[in-house]
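Just so it is clear, none of the values below were taken in a lab; they were calculated from the coordinates. Just so it is clear, the model here is predicted, and its values are computed rather than measured. We place every Cβ from the backbone using ideal geometry, glycine too, and count neighbours over all the protein chains shown.
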């Protein structure tokens, strides 16, 4: 469905290797366009934001199936509390794990994480929770 969207945003500090984070995102998400924007932080050094906005059904499937099975199971359990009023689910991926090739949920309060938001289109007879649950269950199979 063309209205579904899976967005990933990572803030890369001057201490991080942007090319390593970029490669880790590409390994997880595949051949998608990563947008880069640089800005000066309040402490002085230049910061970089990497952002991917997935809209194709195959890209969304790859992103969901790339998540660790423990992360998917946790998201299924916590889904009702993670959905906002717009029907989007929010979670964070551990950045150190991502660079190491593991796509797992970041612990609460983790300072280094990738922010993820998945918004789904809802049509009559559907709910955002039901659509998201189906996507996550498909990734578990």
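Data overview
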| read-out | value |
| --- | --- |
| Tilt relative to the chain, helix 18-29 - C-alpha long axis, 0 to 90 degrees, to 10 | 20 |
| Degrees, to the nearest 10: 69-82 long Cα axis against longest axis of the chain | 70 |
| Among 110, 71, 128, residue whose mean-square fluctuation peaks in a GNM of the chain (springs only between Cα atoms under 10 Å) | 110 |
| Taking 7, 37 and counting other C-beta atoms within 10 Å, the order from fewest to most | 37, 7 |
| Rel. contact order, % - alpha carbon contacts under 8 angstrom, at least six apart, the chain | 30 |
| Computed [θ] at 222 nm, deg cm²/dmol, the chain (DSSP H ≥ 4; -39,500 (n - 2.57); rounded to nearest 500) | -11000 deg cm²/dmol |
| For 49, 74, order by how many other beta-carbon atoms lie within 10 Å, fewest first | 49, 74 |
| Neighbour-count order for 13, 81, fewest beta carbons within 10 angstrom listed first | 81, 13 |
| Length released on extending from residue 35 to residue 22, taking residue separation times 0.36 nm less the Cα-Cα span | 3.7 nm |
| 10 Å binning of all Cα-Cα separations within the range 15-141, expressed as whole percents from 0 upward | 12, 42, 34, 12, 2, 0 |
